[in-house]
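Bear in mind that the values in this text are calculations on the coordinates, not laboratory data. Everything numeric here is computed off the predicted structure, so don't read it as measured data. Backbone-built Cβ (ideal geometry, glycine too); neighbour counts: all protein chains shown.
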Ligand code: GLN
């Protein structure tokens, strides 16, 4: 993995794309975790809420597109597509894109909703998502995956979409329990570099809160010499009150 040097600054810039529409099952909490850890490590945090029609902060280093209902994915789709070049430039220059569930699906070519509508995706990844067939159920429940880079990953999934990766795309991990990308091939998520940047997609909600090693990794890409506090979020809840977290 490349380390993105950004040593002249002591601030992390995080953008949440469409917080009103794409933050299902508390996906906003991924930003809370990053902000919390960064603050503990003495880094300033700037969080941008970027809604439809608003300009993305050109300094954005971590961009979150969380999960969304089919209806919300449809609402944001045309605005998202207009941002394709801007987002690929940001990622190409070293930013990280974190896509959770519906946000992960829209990184691919297309997502087919439960009523069969085709939503065009950003096409950053050569993958497609189709919905459950009439006899298939939504994939719902607590899930576990094993990742070569991060070890055991846990999360909560609730999706109708089935995402299929082509062989050249490596998943984030292998499903141990739950459905993962499609309920069939045991793949979960995606982790891939795009030029200098990183794309991480997952179906796991509660992702960075339940997997703090991944949050550490994402921050360390920008601050390589950072000593991350070893504490997990829950162990250090008593410290959170001393931090000004208004995200
Ligand atoms: N609407 C999408 C699906 O059902 C994504 C759901 C989600 O983000 N949890 O597959």
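Brief remarks on what is shown
- Peptides 45-54, 123-132, 180-189 ordered by packing proxy, namely the average of other Cβ atoms within 10 Å per residue, highest first: 180-189, 123-132, 45-54.
- Fully extending the segment from residue 57 to residue 135 would add 23.7 nm, taking 0.36 nm per residue of separation and subtracting the current Cα-Cα distance.
- Once C-alpha pairs closer than 8 Å and six or more residues apart are averaged by separation and normalised to the residue number of the chain, the relative contact order reads 22 percent.
- Cα-only Debye scattering, segment 12-73: base-10 log of I(q)/I(0) at q = 0.21 Å⁻¹: -0.80
- For segment 32-56 and segment 74-133, distance of Cα centres in Å: 22 Å
- The chain: angle of helix 29-40 to the longest principal axis, Cα-based, in degrees nearest 10: 20 degrees
- When the helices of the chain are scored as -39500 (n - 2.57) per DSSP H run of n ≥ 4 and the total is divided over every residue, the value at 222 nm lands at -6000 deg cm²/dmol.
- Relative frequency of Cα-Cα separations exceeding 21 Å in segment 11-139, percent: 39 percent
- Folded to 0 to 90 degrees: helix 70-82 orientation relative to the chain principal axis, Cα: 70 degrees
- Area projected by the alpha carbon convex hull of the chain, averaged over all directions, nm²: 12.4 nm²
- Annotation: the antiparallel percentage among DSSP beta bridges lying fully within segment 11-241 is about 55.
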